[in-house]
Protein chains: 2
Amino acid sequence: MATATNTATPNIITRRRNRSSSPRKGRPNHGFDRRLAKVLQYGTDVFYEKGYEGASMRDLSRASGMSLAGLYYYFESKERLLYMIQKHTFTTIVDRLKERLQTVSDPEARIRACILNHLEYFLANQKAMTVLSHEDDVLANGLGREIREIKREYYRTCVDLLDKLKEARGLEFNSRIAVLSLFGMMNWIYTWHNPRVDADAEEMALRMGDIFLRGICSVTPNRVAQKKK
Amino acid sequence: MATATNTATPNIITRRRNRSSSPRKGRPNHGFDRRLAKVLQYGTDVFYEKGYEGASMRDLSRASGMSLAGLYYYFESKERLLYMIQKHTFTTIVDRLKERLQTVSDPEARIRACILNHLEYFLANQKAMTVLSHEDDVLANGLGREIREIKREYYRTCVDLLDKLKEARGLEFNSRIAVLSLFGMMNWIYTWHNPRVDADAEEMALRMGDIFLRGICSVTPNRVAQKKK
C-alpha cells in the first residue's frame, strides 16, 4: 500500500478534515500522509487477521505499537478506518487505470490494460483486497455510499470498455455478466494465488485476458477477425 | 440447504459420533438429521450476519430459539458448527456433480454440467456460499484438513474435466489458471447476483459457460472445429 499513497491519500485527508475536528488542521500534510499510510497498513493487517467484527482498536494499538489516543488522532472509529482503507484502495485503482488508458486507444488493448491494472494492484496488495472483499457491506450510510460510488465509477468504466469493443467488432453479449465474470476471475485470485508457484501479474493478466477476451469475442456467430494491436 | 440434507448429513453425523461422546449414540438418525439441518441453517444465517469471529453460541441460541445446552447437544463448539456447514455444503456439491456426470459423456457437455451444478447450488444457497468464502481458512488441524481434502477432490474432478476436453480437442492451456478462473467467475456471483434483475442459474450457466468454454477453446492457434454435442 505504501507505494500508492501519493494519488489517494490527499483526498482521504481532505475529506477527514472537512468532517472532524482534527488537531492537524493547518499543519503541513506530508509527514501526516506517510504516517497515515502506515496506520492504514496496520489496520489492513489487523482486519485481515481478525476480521472486521473480531478486530478492536486495542488490537490495532498492539499491532502498530501506537497508543489508543494516538490512533484516535487519525480516525475516530474502527468503521472510519475501514472506510479509509477502502477509499484509499479503490481510488488508487481507478486513478491508475485512468492514467494507463490515456495512452491506449485499441479497444482490446484498453481491456487488457484494465486487467493488468487490476491484477497488478491486487497481487501487490493481497491483504487489502481480502479485507475489501470480506468487509464489502459493513459501512453504513454516508461512508458506505461514498465507497459504493467509487466502485460504481470503476464498474461503469469497465462496462464502457466492453461496450466499445462490442461496437468496434460488432459483438453481442451481456456486458453486465461479462464484466462481473471478469471481476470474479480476477478477484477470486486472493483465495488461491501463491507467488511461489503461480505466475506474476503480467503473465496472469495475459492468460486471464486470453480466456476472457476470446470468450466474449467468440460469442457472436459471425465473428469478426481480431485486429492486431 | 434443507433440500440437500439427504446425501450429505449422514456422513457428518457418522463422523461426529466417531469423535465425540454424543448422547444420541444408538438412537435412530432420522429426526436428528432434520433438526441438525435446521441448526446448520441457523448457524449459516448467524455467521452470515455477524461473521465467524463476531458470532457467538449465544447469538445462535437467540436466532434458533434453542437453549445453549440444546445447541451443545449437536456440536461442542462454534468451530465444529462451521466445520459441519462446510462439510455439508461441499459434500453435497461433489455428490450432485458425480450424479450428473454419470449420464453425460461429451467433454464439453460435462464441463457445462459442472458449471450448472455449481451455480444451481450456489444461487440456491447464497448465504452458505458467502460464509464458506469468507471463513475459508478458519478451521485448524484435523477439521480444516478434512474440508480441504473434499475441496481438493472437487478441484481435481474439475481439472480432470478440462484435461479431457484438452485431449479431445488438441487444446493447449494452463488447467490450473483455467479452473481457478472459472471458479472465480462462478463464486464471485455471491457479491452481485440479484434474483430480481439477473438471470437464473440455468441462464447464468449458459452465459458463463459460453465465455469460459469459448475462451479456453480459442487459446490454441490451430483451433479444432467444435463438435456439436
- Note on the structure: Expressed as a whole number, the average count of other chain Cβ atoms within 10 Å around the Cβ atoms of A:189-195 is 3
- Cut-off 13 Å between beta-carbons: net charge of the residues surrounding B:Met57, Lys and Arg +1, Asp and Glu -1: +2
- Query: What is the dipole size for the range A:65-126, taken about its Cα centre, with +1 at each Lys and Arg Cβ and -1 at each Asp and Glu Cβ, in debye to the nearest 20?
  - Reply: 40 debye
- Message: Taking 8 Å as the Cα distance limit and 6 or more residues as the minimum spacing, I'd like the relative contact order of the range A:2-217 as a percentage.
- Response: 22 percent
- Query: So what are the ³J(HN,Hα) numbers for the range B:57-74, from phi and the Karplus equation (6.51, -1.76, 1.60; θ = phi - 60°), rounded to whole Hz, Gly and Pro as x?
  - Reply: 4, 5, 4, 5, 4, 4, 5, 8, x, 9, 6, 4, 4, x, 5, 5, 5, 8
- What's the center-to-center distance, using Cα atoms, between the range B:45-86 and the range A:33-72 in Å? 28 Å
- Message: Taking each residue in B:50-57, count the Cβ atoms of any other chain within 10 Å of its Cβ, then average. What number comes out?
- Response: 4
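Let's see if you can work this out: charge +1 on each Lys and Arg Cβ, -1 on each Asp and Glu Cβ, no other charges. What is the dipole magnitude of the range B:25-151 about its Cα centre, in debye to the nearest 20?
That gives a dipole near 460 debye.
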- When each copy gets a label point 7 Å from Cα toward the beta-carbon at A:Glu167, what are the spacings between them in nm, shortest first? 4.7
- Task: Can you pull the one-decimal nm distance between simple spin-label points at B:Arg156 and B:Asp200, each 7 Å off the Cα toward Cβ?
- Result: 3.5 nm
- Item | Relative contact order %, the range A:83-180, counting alpha carbon pairs below 8 Å whose residues are six or more apart | 36 percent
- Item | Residue and distance (whole Å) for the chain B Cβ nearest the axis that superposes B on A | B:Gly215, 2
- Query: Which of the aspartates and glutamates could a cross-linker span from A:Lys127 if the Cα-Cα distance has to be under 16 Å and same-chain partners fewer than 8 positions apart are dropped?
  - Reply: A:Asp45, A:Glu49, A:Glu135, A:Asp136, B:Glu135, B:Asp136, B:Asp137
- Item | Residue-count net charge about A:Leu119 - beta-carbon cut-off 14 Å; Lys, Arg +1, Asp, Glu -1 | -2
- Query: So for the pair A:Ser56, B:Tyr73, with labels modelled 7 Å out along Cα→Cβ, what separation do we get in nm?
  - Reply: 3.4 nm
- Query: What is the magnitude of the charge dipole of the range B:2-217 about its Cα centre, with +1 placed on the Cβ of each Lys and Arg, -1 on the Cβ of each Asp and Glu, and no other charges, expressed in debye to the nearest 20?
  - Reply: 1000 debye
- Query: Roughly what would the spin-label model give for B:Ala124 and B:Ser105, points 7 Å off Cα along C-beta, in nm?
  - Reply: 2.8 nm
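Per residue of B:96-108, how many C-beta atoms from partner chains lie within 10 Å of its own C-beta, taken as a mean?
0
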- So, by mean Cβ neighbours within 10 angstrom, what's the order for A:145-154, B:155-164 with the highest one leading? B:155-164, A:145-154
- Specify whether the C-alpha gyration tensor of the range A:2-217 places it in the rounded, prolate or oblate class, a ≥ b ≥ c being the square roots of the eigenvalues: rounded for a/c under 1.5, otherwise prolate if a/b is larger than b/c and oblate if not. prolate
- So which aspartates and glutamates pass the test for B:Lys98, namely a Cα distance under 20 Å, with those fewer than 8 places away in the same chain ruled out? B:Asp106, B:Glu108, B:Glu120, B:Glu146, B:Glu149, B:Glu153, B:Asp160, B:Asp163, B:Glu202
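Bear in mind these aren't lab numbers, they're just calculated from the coordinates by the rules spelled out. Because the structure is predicted, anything quoted here is derived from the model rather than measured. Virtual Cβ from ideal backbone geometry, glycine too; neighbours counted across all protein chains shown.
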